[in-house]
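The values are calculated or read from the model by the stated rules, or taken from the named source; none is laboratory data. Computed from a prediction, not measured in an experiment: that's the story for all the values here. Note that we place each Cβ from the backbone using ideal geometry, even for glycine, and neighbour counts take in every protein chain shown.
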Amino acid sequence: MAGAAWSQGFPAPAKINLFLHVVGRRDDGYHLLQTAFRFLDHGDVLRFSPRNDGLIERAHDIPGVPAERDLCLRSARLLREAAGRGFERCGVTVTLDKRLPMGGGLGGGSSDAATVLLALNTLWGIDFPRVKLEALGLKLGADVPVFVFGQSAFAEGVGEVLMPLALPPAWYLVVEPPVQVSTAEIFSSSRLTRDTKIITMPDFSAGLPLEMPGLRNDLQAAACEHQPVVAEALALLSQLGPARMSGSGACVFAEFADEEQACQALAQFQSCAPAWRAWVARGVDKHPLHGLARGGRQD
């Protein structure tokens, strides 16, 4: 995207998984998945300040996230290392306006990491193609590549084999139960099945995904057992429409045809659970930073 400037804010949108099937497990322990990713017009915002001393730092601490585990800092360092000679002195201070919950299944940390890759790739003048940034993102986490890919996607493998997906317009009511869910604990749960039948992309037609028979989130039962409040959120939301958990939880969502229906459902939900955070967002086909990376392949 021409004209990207250090002074602007760079969005890191939420994602939801319209379905998530665990279809197997690799020898290295990673789970094989099939899922459909959709972005929402709601998320974090990052800002970057250039430094000429080579330091990569964050402007503010994040409770519970030490600097050495901060995905924003790790992604900036990984990008600079991959860029190699001529970029050793590139430094940055990262400011994160955190709006998405941690441990919520909305891809907040992965989205932040992808936005760092996309933004600094342009701001530092590195100009890696999108596929190179996707490969770097996979080193940071299985959900990072889809945010770099930047389109609604049907995904396979560990989530990194991505195919563009056309989806009908929709609005979503998202509920944030007041808990964090550990992805590692969910994937190691004895409740988790790992042999869901593989589907093909044409099987996932352009209808209403939440109402399609046979599609589900295979992680949902384990998450509900691990955090019963997730089950409570699903029960409440299911009274307003077909509801599903996103990712490994804890957030749950329901799909609606338009903004008015979604906002009416939000008002009804808040009357039943006024202490819980909930919000409405539109499903979007492309990441707002999709234009920052060029196409093509690079070894």
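Just checking, does segment 199-207 include any residue being among the aromatic types (Phe, Trp, Tyr) and at pLDDT below 85? Yes, that holds for at least one residue.
Residue selection: Lys132 satisfies the criterion of being part of a helix (DSSP H, G or I), buried (at least 21 other Cβ atoms within 10 Å of the Cβ) and out of contact with any Ser or Thr (no Cβ under 8 Å at 6 or more places or on another chain). The residues of segment 162-188 that are out of contact with any strand residue (DSSP E or B) (no Cβ under 8 Å at 6 or more places or on another chain), surrounded by 14 or more Cβ atoms within 10 Å (Cβ to Cβ) and small (Gly, Ala, Ser) amount to a single one, Ser182. The residue that is surrounded by the fewest Cβ atoms within 10 Å (Cβ to Cβ), counting only those in segment 252-299 that are polar (S, T, N, Q) and free of Cβ contacts under 8 Å to residues at least 24 places away in the same chain, is Ser271. Take segment 224-242 and flag every residue that is in contact with an Asp or Glu (Cβ under 9 Å, 6 or more places away or on another chain) and modelled with pLDDT under 95. Listed by number, the residues that qualify are His226, Gly241, Pro242.
Scanning segment 64-86 for residues that are of a type in the set (D, E, K, R) and more than 13 Å from Lys139 (Cβ to Cβ) yields Glu68, Arg69, Asp70, Arg80, Arg85. Just one residue in the set Glu81, Glu57 is farther than 30 Å from Ser188 by Cβ, in contact with a Ser or Thr (Cβ under 7 Å, 6 or more places away or on another chain) and surrounded by fewer than 17 Cβ atoms within 10 Å (Cβ to Cβ); that residue is Glu57. Applying the criterion of being under 15 Å from the mean Cα position of the chain (by Cα) and assigned to a loop (DSSP other than H, G, I, E, B) to the residues of segment 147-158, the residue that is nearest to Arg277 (Cα to Cα) is Ser152.
Summed over segment 159-200, the residues that are over 25 Å from Gly291 (Cα atoms) and in a loop (DSSP other than H, G, I, E, B) give a count of 19.
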